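The block underneath contains the structure these notes are about, expressed in structure tokens.
The values are calculated or read from the model by the stated rules, or taken from the named source; none is laboratory data. Keep in mind the model is a prediction, meaning the values are calculated, not measured. Neighbour counts are summed over all protein chains in view; Cβ atoms, including those assigned to glycine, are modelled from backbone coordinates with ideal geometry.
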Ligand code: F3S
């Protein structure tokens, strides 16, 4: 089996930065998973003794706590500081930006609309920075059920969302509201990996997308790959490869989510090349 790698794949700037920070703080612990990749979290635990807090209550004074890449809600940060923990912020700067925009625009009297998944840690964090009226949607149709408190709307997007869908939401918002402030907070790293996956999926027989099953940008890479290449599969590591997928195929495209480390990608490629 021949393997072709996407021209852009894998770790983004924010994840590389967070891992570097974690590696520099041995015997610390992260508030929530640092990134969406269990294997990398395991490596940080075994090689650098970086643990994980499940709850704020577990944090004790003088503990070193690393804030994960996707950020945490504002009140959780306040609680950590009040516990006199040493807080190291590994929130990606591209996630801090929508947090700050939401804070400013809500203080300035705007209703806030966030395009994203209400249950995603990043969105929970961004939402928490609103001082007033805030709504989260995933589909433009959900706008029909929203009664904005103010006639000025400011909108931000979860960093990993598709820009086409964001445009649909913005178009609909403009039809119904006098003032709409649109902030494009979608991250370029996600675009670059997505564009490369789209291109590659048009020329291969099978696509393998490597990444955490709960990582939203990895799931989006899969859905983009499937548009052109129905034989696209999402795996977390080489053990999940199935030889049957590769029968009668000659060229396999490989891409990886923004939280996937190179050492996992290498193992997967080595395995596919054996088929
Ligand atoms: Fe940050 Fe973009 Fe990565 S928001 S964590 S650089 S995908």
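General remarks:
- Residue 132 vs. criteria closer than 20 Å to residue 75 by Cβ, away from the ligand (no atom under 16 Å from the Cβ), free of Cβ contacts under 8 Å to residues at least 60 places away in the same chain and surrounded by fewer than 16 Cβ atoms within 10 Å (Cβ to Cβ): yes
- In segment 256-271, the qualifying residues are those that are touching a helix residue (DSSP H, G or I) at 6+ places or on another chain (Cβ under 7 Å) and surrounded by fewer than 22 Cβ atoms within 10 Å (Cβ to Cβ), and the one that is farthest from residue 240 (Cα to Cα) is 261.
- Some residue of segment 85-105 being farther than 30 Å from residue 150 by Cβ and without any contact (Cβ under 8 Å) to a residue 24 or more places away in the chain: yes
- Residue among 270, 242, 184, 228 that is modelled with pLDDT of 95 or more, within 16 Å of the ligand (Cβ to nearest atom) and farther than 24 Å from residue 20 by Cα: 184
- Applying the set (1) closer than 25 Å to residue 189 by Cβ; (2) in contact with a strand residue (DSSP E or B) (Cβ under 6 Å, 6 or more places away or on another chain) to residue 50 leaves exactly one unmet item: (2).
- Filtering segment 77-98 to residues that are surrounded by 19 or more Cβ atoms within 10 Å (Cβ to Cβ) and either outside any helix (DSSP H, G or I) or away from the ligand (no atom under 13 Å from the Cβ) (or both) leaves 77, 80, 85, 90, 91, 92.
- In segment 20-43, residue farthest from the ligand (Cβ to nearest atom) [restricted to those that are out of contact with any strand residue (DSSP E or B) (no Cβ under 8 Å at 6 or more places or on another chain) and free of Cβ contacts under 8 Å to residues at least 60 places away in the same chain]: 26
- Positions within segment 198-235 being within 13 Å of residue 259 (Cα to Cα), touching a residue at least 40 places away in the same chain (Cβ under 8 Å) and surrounded by fewer than 17 Cβ atoms within 10 Å (Cβ to Cβ), in sequence order: 214
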